[in-house]
Amino acid sequence: MRARVVATCLLFSSLAVVWPAAPADGNHCYWEKVQKFVFGNLVVAREQVCPPHSEGGSDGTTSPINDVGNLACNGFAGSLQVAAEEFCRALPETAPAVTGPLIAQALRRIPIPPAVLKVQPPNGRTLVNFATNFYTDREEFTRTVNLLGQRVELRITPARFTWKFDDGNAITTTKPGAPYPRLQVTHDYLEKGEVRPRVDTTYTADFRVNGGAWQPVPGSVTIPGESVDLEIVEASPTLVGYN
Amino acid sequence: VTRTHLAALALALGVAAVSCSDEPEPDFAPPESTSPAPTEPETTSEPPEPEKLTPEETVRAWVRAQNLALRTGNTDEVRALGPRCQSCDDFVVPVEETYAAGGSYETTGWRIVSLKTQQKTAEDAEIAAAIKFSRGQTIPADGANPVAFGPQRHIMLFELTHAAKEWQVSLVGFVP
């Protein structure tokens, strides 16, 4: 193995000197965004990707990954006179395990769009002392991330909805509400005026690594919703005569 | 701290020592000396042109500045060394976010084990470096539980461009 590594380093160290990091065109190395843990933070970092037929890569007859990692990395390791075994592949005993807290950090960094609050009656107007209906359309969804070189699936569930009516009142439900006539979340405004209600969504998640068993992710993530304009008006009874 | 200060500091201090220990020596910038500078004969009224950092010195200064950021949350220096470097944000922004949330880091940070210029023209340069990240723990936010992390070793590439008469880091990335 050692001889093989040394041979690889000798073979590719000179090639690595002219290694370009050019846009992907099938023949050059390029930069790809990947998720990595750096000092306990999950960061989106740049990682060089070199296609098998790229300049400075392998001869095209073999995969660019060998027993000690990427051949480009081996080349640089040779050039830098460091051991490719140490620098070109995360060693299992030193790589942190994919644990719940790490997944929780990953969950916090997944972009989740804010929930859209829908109000009935529509068109931004409702009545005083009227059961104004609120709902949103959040549903369970999945995301897959590459974490510490492992495929991690996240099943993300909207667990709680906090409805902020902007008149000093708020309620929390486990249901996202529903459009009329299936009223689930309603609120009566007691005074006329203008308010900007919103719904904040709290997500919980389960995860599994490399297709294994699902496990709960500790904690939750709350995504504030976007406020909508709502005018509350008074309605006066009016007798209408028919001729 | 200006680039001129960084240049003077880097030249005065030389380059970081290389160690074979698993617990890397940090590339922290030592505090500035308070001892008086040796007297220079006054031969001209023009201030001397400040020495500029070479590409390799710029990378070493960037690593020291990154360690300063990890230690204190101050990212001014590391940003000054790569003002147009978007990939530098991959490393800088998490530090800023952690300190903004009241968190901190307990680590000796990055250490350059080996460093070599891969290519260099008048306009740009590429430096490869073998880097060790030391073990430690992160407190993500005020009152949060610490997140422990182990040591890592990486081959990293630094791309630099020559702009405004000085070398600036334009990309930092991993070679997996």
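Among the residues of B:113-123, the average count of other protein chain beta-carbon atoms within 10 Å of the residue beta-carbon is 3. Spacing of the modelled spin labels on A:Val116 and A:Ser236, each 7 Å from Cα toward Cβ, amounts to 3.7 nm. If you plug the beta carbon distance of B:Asp76 and B:Asp142 into 1/(1 + (r/R0)^6) with R0 = 25 Å, you get a FRET efficiency near 0.65. Within 10 Å of the Cβ of each residue in A:29-40, the mean number of Cβ atoms contributed by other protein chains is 6. With each label modelled as a point 7 angstrom along the Cα→C-beta vector, the A:Ile171-A:Thr186 pair spans 1.0 nm.
Beta bridges per DSSP, both residues in the stretch A:102-240: antiparallel share near 90 percent. Footprinting exposure proxy ranking of A:Leu80, B:Leu70, fewest other C-beta atoms within 10 angstrom first, gives A:Leu80, B:Leu70.
In this label model, A:Val44 and A:Val128 are separated by 4.9 nm, measuring between points 7 Å along each Cα→Cβ vector. What the Cα convex hull of the stretch A:134-233 gives, in volume per residue, is 111 Å³.
Here the gap between B:Arg84 and B:Lys116, fully extended at 0.36 nm per residue and compared with their Cα-Cα distance, gives a gain of 9.3 nm. Annotation: Cα Rg of the stretch A:182-237 relative to the compact-globule expectation 2.2 N^0.38 Å equals 1.92. Remark: mean inter-chain Cβ contacts per residue of A:101-107 equal 2, using a 10 Å Cβ-Cβ cutoff to other protein chain atoms. Restricting the stretch A:130-162 to chymotrypsin sites (Phe, Trp or Tyr not before Pro) that sit in a DSSP loop and have at most 15 other Cβ atoms within 10 Å of their own Cβ leaves A:Phe130. In terms of its Cα atoms, the stretch B:99-176 spans 49, 27, 18 Å along the principal axes, sorted from long to short.
Checking every one of the chymotrypsin sites (Phe, Trp or Tyr not before Pro) in the stretch A:179-240 against DSSP loop status and a limit of 13 other Cβ atoms within 10 Å picks out A:Trp214.
Values quoted throughout were computed directly from the atomic coordinates according to the rules given, and no laboratory measurement underlies them. In this text, all values refer to a predicted model and were calculated from it rather than measured experimentally. Neighbour counts are summed over all protein chains in view; Cβ atoms, including those assigned to glycine, are modelled from backbone coordinates with ideal geometry.
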